[in-house]
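Here is the structure we will look at, set down as structure tokens.
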Amino acid sequence: MKNFVEELTWRGMIHQMMPGTDELLQKEQVTAYLGIDPTADSLHIGHLCGVMMLRHFQRCGHKPLALVGGATGMIGDPSGKSQERNLLDEETLAHNVKCIKEQLARFLDFDSDAPNKAELVNNYDWMKDFTFLAFARDIGKHITVNYMMAKESVQKRLNGEARDGLSFTEFTYQLLQGYDFLYLNEHKNCKLQLGGADQWGNITTGSELIRRTNGNECYALTCPLVTKSDGRKFGKTESGNIWLDRNRTSPYQFYQFWLNVPDEDAERYIKIFTSLEKEEIDSIIAEHRTDPGRRILQKRLAEEVTVMVHSQQDLEMAQEASNILFGKSTKESLLKLDEQTLLDVFAGVPHFEVEKTSVIGKPLIEVLTADAAVFASKGEMRKLTQGGGVSINKEKLSDANNVVCEADFLDGKYLLAQQGKKKYFLIIAK
């Protein structure tokens, strides 16, 4: 089996680690957990570094626990936040947890008979029957307010970074997360907690709680917070998060995100977000540096992550979709796209809406000048058509007077007009 710490080190995925962690991992099969806040019914790529830690952990022969915070999700973690988040009800949380497990199953083995198969745990299961008085008496007495106040996440909120200060609800978060570590240590023999760099304060509260209650050995390891080369937050675009759920971010948009990262970021991301071996990654980077214009690195990164999160079929559709805009493609390529991918591909081109019943049976020259102003005049369209410069649904138009029929519409409502090689227009029939 591979050495987990060595694997994460060359991938640039270790930020902090408690002394003794590496020695423990080389001595025995270790159980570790990583917490995921179920504030939405999908993970986004901001979660991916932590999820990949669990994936590497299992591939190195250890047992991963993915903890979804059904209880702590009702409270909200103040770490890295400038204001208190909205609290979720039980029904919403249950739905989110179910969806997140389905996504995690693409990264982790939950179903085999292996001794290190992954488990999904939900802290709501052990917190739901805990009374406030019992928690205050049995757990709260072990951690002082002085200790909790010294945490960086608390200090930032108290020193003017938040408009409304820090609520008692959020203040208790680190104690609740600390109890998760204690509970899993006692019931699952979990000796290691993994997380992002912003979780170090919460994680060390858990290890301190274990030390003061049962004295068991426990350790912590965090990964750095991934950023872009310009220092901005990773995973955010102008349109928001890049989600793993295809209904929030289509496979085409997902593929395009990775395809368009700068060279400097791509060199870091291919180590963090894929399971490729070091020798292969080094070879890809070296080949890319000889001819950056071919974007070999970005293409391989986009391929690996898209297949891992979605599927080979989704990757092929995303690649087909990319060729439609940026390369040679045919009507067959266009017909392979689902509706959402079609709309994503042509999101930036001019759109025209027409009444379907009024355009069927009309010559294209009338539709593309009067109903949708693709051409400034009929004369312009005739001239371009005669020169082979007009295409409908990726097929050259030979006669501007061809009549529009039902079969021309993609998905029953879209018509793609093209002037020359790069000017597209999407006609949407209502």
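The values are calculated or read from the model by the stated rules, or taken from the named source; none is laboratory data. Just so we're clear, the structure is a prediction, and the values are computed from it rather than from any experiment. Glycine also receives a Cβ, built like all others from the backbone with ideal geometry; neighbour counts cover every protein chain displayed. Keep in mind that these areas ignore ligands, DNA and RNA; they rest on the heavy atoms of the full protein, side chains included. Shrake-Rupley method; radii C 1.70, N 1.55, O 1.52, S 1.80 Å.
Note on the stretch 417-430: residues that are in contact with a helix residue (DSSP H, G or I) (Cβ under 7 Å, 6 or more places away or on another chain) and part of a strand (DSSP E or B) amount to 3. Spot the failing condition for LYS430; the list is (1) modelled with pLDDT of 90 or more; (2) surrounded by fewer than 17 Cβ atoms within 10 Å (Cβ to Cβ); (3) touching a strand residue (DSSP E or B) at 6+ places or on another chain (Cβ under 9 Å), and only one is missed. LYS430 satisfies all of (1) modelled with pLDDT of 90 or more; (2) surrounded by fewer than 17 Cβ atoms within 10 Å (Cβ to Cβ); (3) touching a strand residue (DSSP E or B) at 6+ places or on another chain (Cβ under 9 Å) except (1).
Scanning the stretch 88-117 for residues that are under 24 Å from ARG246 (Cα atoms), open to solvent by less than 30 Å² (accessible area, probe 1.4 Å), not aromatic (Phe, Trp, Tyr) and not in a helix (DSSP H, G or I) yields one hit, LEU108. Of the residues GLU161, GLU186, the single one that is open to solvent by 30 Å² or more (accessible area, probe 1.4 Å) and modelled with pLDDT of 85 or more is GLU186.
Among the residues making up the stretch 377-403, those that are closer than 21 Å to PHE346 by Cα and part of a loop (DSSP other than H, G, I, E, B) are GLY389, ASN393, LYS394, LEU397.
Is it the case, given these coordinates, that GLN298 is under 20 Å from GLY46 (Cβ atoms), of a type outside the set (Val, Ile, Thr) and either touching a Cys at 6+ places or on another chain (Cβ under 6 Å) or in contact (Cβ under 8 Å) with a residue 40 or more places away in the chain (or both)? Before you say what the answer is, go through the steps one by one.
Values: under 20 Å from GLY46 (Cβ atoms): yes; of a type outside the set (Val, Ile, Thr): yes; either touching a Cys at 6+ places or on another chain (Cβ under 6 Å) or in contact (Cβ under 8 Å) with a residue 40 or more places away in the chain (or both): yes.
Considered against the rule, which asks whether it is under 20 Å from GLY46 (Cβ atoms), of a type outside the set (Val, Ile, Thr) and either touching a Cys at 6+ places or on another chain (Cβ under 6 Å) or in contact (Cβ under 8 Å) with a residue 40 or more places away in the chain (or both), GLN298 comes out as yes.
Looking across the stretch 21-69, just one residue is surrounded by fewer than 22 Cβ atoms within 10 Å (Cβ to Cβ), more than 21 Å from HIS310 (Cβ to Cβ) and among the small types (Gly, Ala, Ser), and that is GLY61. Of the residues screened, GLU320 is not one that is closer than 30 Å to GLU6 by Cβ and assigned to a helix (DSSP H, G or I). Taken over the stretch 1-20, residues that are of a type in the set (S, T, N, Q), open to solvent by less than 50 Å² (accessible area, probe 1.4 Å) and not in a loop (DSSP other than H, G, I, E, B) amount to 0.
Residues being of a type in the set (Asp, Glu) and closer than 15 Å to CYS218 by Cβ: count how many of those fall in the stretch 23-47.
2
Within the stretch 121-154, being within 28 Å of ALA94 (Cβ to Cβ), open to solvent by less than 50 Å² (accessible area, probe 1.4 Å) and not small (Gly, Ala, Ser) holds for VAL121, ASN122, ASN123, TRP126, MET127, PHE135, ILE139. So which residues in the stretch 304-317 are part of a helix (DSSP H, G or I) and either among the hydrophobic types (A, V, I, L, M, F, W, C) or open to solvent by less than 70 Å² (accessible area, probe 1.4 Å) (or both), if there are any at all? Correct list: GLU304, VAL305, THR306, VAL307, MET308, VAL309, ASP314, LEU315, MET317.
Restricted to the stretch 372-413, and to residues there that are in contact with a Gly (Cβ under 7 Å, 6 or more places away or on another chain) and open to solvent by 70 Å² or more (accessible area, probe 1.4 Å), the residue that is farthest from TYR424 (Cα to Cα) is VAL403. Looking across the stretch 237-264 at every residue that is of a type in the set (D, E, K, R) and out of contact with any strand residue (DSSP E or B) (no Cβ under 9 Å at 6 or more places or on another chain), the one that is surrounded by the most Cβ atoms within 10 Å (Cβ to Cβ) is identified as ARG246.
The number of residues in the stretch 202-236 that are open to solvent by 40 Å² or more (accessible area, probe 1.4 Å) and among the small types (Gly, Ala, Ser) comes to 3.
Looking at the stretch 376-405 only, could you name the residues that are free of Cβ contacts under 8 Å to residues at least 12 places away in the same chain and within 41 Å of the chain's Cα centre (by Cα)?
Going residue by residue through the stretch 376-405, those that are free of Cβ contacts under 8 Å to residues at least 12 places away in the same chain are 376-377, 379-380, 383, 386-388, 396.
LYS396, the sole residue that qualifies.
Of the residues making up the stretch 323-371, those that are open to solvent by less than 20 Å² (accessible area, probe 1.4 Å), under 18 Å from LYS394 (Cα atoms) and not hydroxyl-bearing (Ser, Thr, Tyr) are ILE324, LEU334, LEU337, LEU342, VAL345, PHE346, LEU364, ILE365, VAL367, LEU368.
The set of residues in the stretch 14-65 that are under 17 Å from the mean Cα position of the chain (by Cα) and among the aliphatic types (A, V, I, L, M) comprises LEU34, ILE36, ALA40, LEU43, ILE45, LEU48, VAL51, MET52, MET53, LEU54. Only residues that are under 22 Å from ILE14 (Cα atoms), in a helix (DSSP H, G or I) and open to solvent by less than 70 Å² (accessible area, probe 1.4 Å) were counted across the stretch 266-303, and they come to 10.
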